Structures are given as C-alpha cells and as structure tokens.
Amino acid sequence: MVGPFPNPGERPNNEGFHIDYLKDYGGEANHIPKNGMEIKKPDGTVVKWLPYSSVDTEIDFFAIDHLGLYYQQDDILAYCACWLECDEDKEVEIRVGSDDGYKLWLDHELIGEQHVYRCAAIDQEIYPVKLSKGWHLILIKVDQDYGDFKFMLRVVTPDGRKVPGIKVWN
C-alpha cells in the first residue's frame, strides 16, 4: 500500500483519478511494487510501499497508521497491490466494492475502472478473468472525494466461493 496522493478538483472532476502518480516508476499499468520502494509525490515528499494485511471484509484507509491520514481527510487517493499464486489454470471473478472510485489492473492490464462517488458495498462490480498457473499482480488505485475512504476486493469462484489453490501475498 502506498499513499496518500493528491486528488485535486471538485466533484465530479477530481483530477487525481486520471493522474498517473507512478509514471516515473514504470507507470500504473507497468508498475511492480516492492516493500519499501519510495515514490516521490508532486510536492517532492516521499511515500513508501509498505505491506498491510487484514482479516476484515473491507480495507479502511483511515485505519492504516502508516498512511498518516486523519479521519475523513478529503481529496486524496492511494494504491494497493497484492500477488496471487495460482496452483493451476482457473476461471475466477475479481469482485470490487469501493468508496469512492477505482482503477483495477491485473497483470499490468486495466480490467476495470469506476470514476464514481459512492459508499462501498460488497461486489459492486464483478470481473470474470482466467488465471494461469503461476503468479499474478493485482494493483488497485482508490480515490477519495470526501467521507469514507475504503474498498473491498475478493477473488472468488463464479458462484462466489473461496477459490481453492490460490494464495494471496502482499
């Protein structure tokens, strides 16, 4: 997880959604995050990719100490990433819920985006994908206008169950 980054502008034109803050590090589509990797923000300050794991259904950015956010901070965004290790080829669904919008990449390919202002709910969007045996990178960029700042992401079978043979690494 890395951030926060600025999300300037007013609804519905928050500009951070369209700014590639990783452009000097391979770009959003090609970025490979590494623990401790420093990312320079437009104001010259530096943030680092740091691991985060949760057993909760949702990731609440305001509850993550290393992001240094204050509760209900406005006009920001953050990136999160994880690796999936798949034991064989599988048909799965990546399901996302977010507050507010997001962009989602799987193995450096943009597979979904929602530039929206909403409360997060489970499975707001569903992306059917085929995973081959091996490692797969998921990168998500979540933007914040005001209010809550969170997301949910599940990798499940098409009927919504846990996928056997997949391990998640951050």
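The values are calculated or read from the model by the stated rules, or taken from the named source; none is laboratory data. Keep in mind it's a predicted model, so treat the numbers as computed, not measured. Virtual Cβ from ideal backbone geometry, glycine too; neighbours counted across all protein chains shown. Heavy atoms of the whole protein, side chains included, go into the accessibility calculation; ligands, DNA and RNA do not. Shrake-Rupley method; radii C 1.70, N 1.55, O 1.52, S 1.80 Å.
Observations on the model:
- Residue identified as within 24 Å of Ile32 (Cβ to Cβ) and among the basic types (Lys, Arg) among Lys150, Lys90: Lys90
- Flag if Ile138 is out of contact with any Lys or Arg (no Cβ under 6 Å at 6 or more places or on another chain), at pLDDT 95 or above, in a strand (DSSP E or B) and among the hydrophobic types (A, V, I, L, M, F, W, C): yes
- Condition met for Tyr127 (surrounded by fewer than 16 Cβ atoms within 10 Å (Cβ to Cβ) and modelled with pLDDT of 95 or more): yes
- Residues that are in a loop (DSSP other than H, G, I, E, B) and open to solvent by less than 50 Å² (accessible area, probe 1.4 Å), drawn from segment 149-165: Phe149, Thr157, Gly160, Val163, Gly165
- Filter pass, Lys40 being over 16 Å from the mean Cα position of the chain (by Cα), farther than 20 Å from Phe151 by Cβ, open to solvent by 30 Å² or more (accessible area, probe 1.4 Å) and free of Cβ contacts under 8 Å to residues at least 24 places away in the same chain: yes
- Segment 43-66, residues that are out of contact with any Lys or Arg (no Cβ under 9 Å at 6 or more places or on another chain), farther than 26 Å from Cys119 by Cβ and surrounded by 11 or more Cβ atoms within 10 Å (Cβ to Cβ): Lys48, Leu50, Pro51
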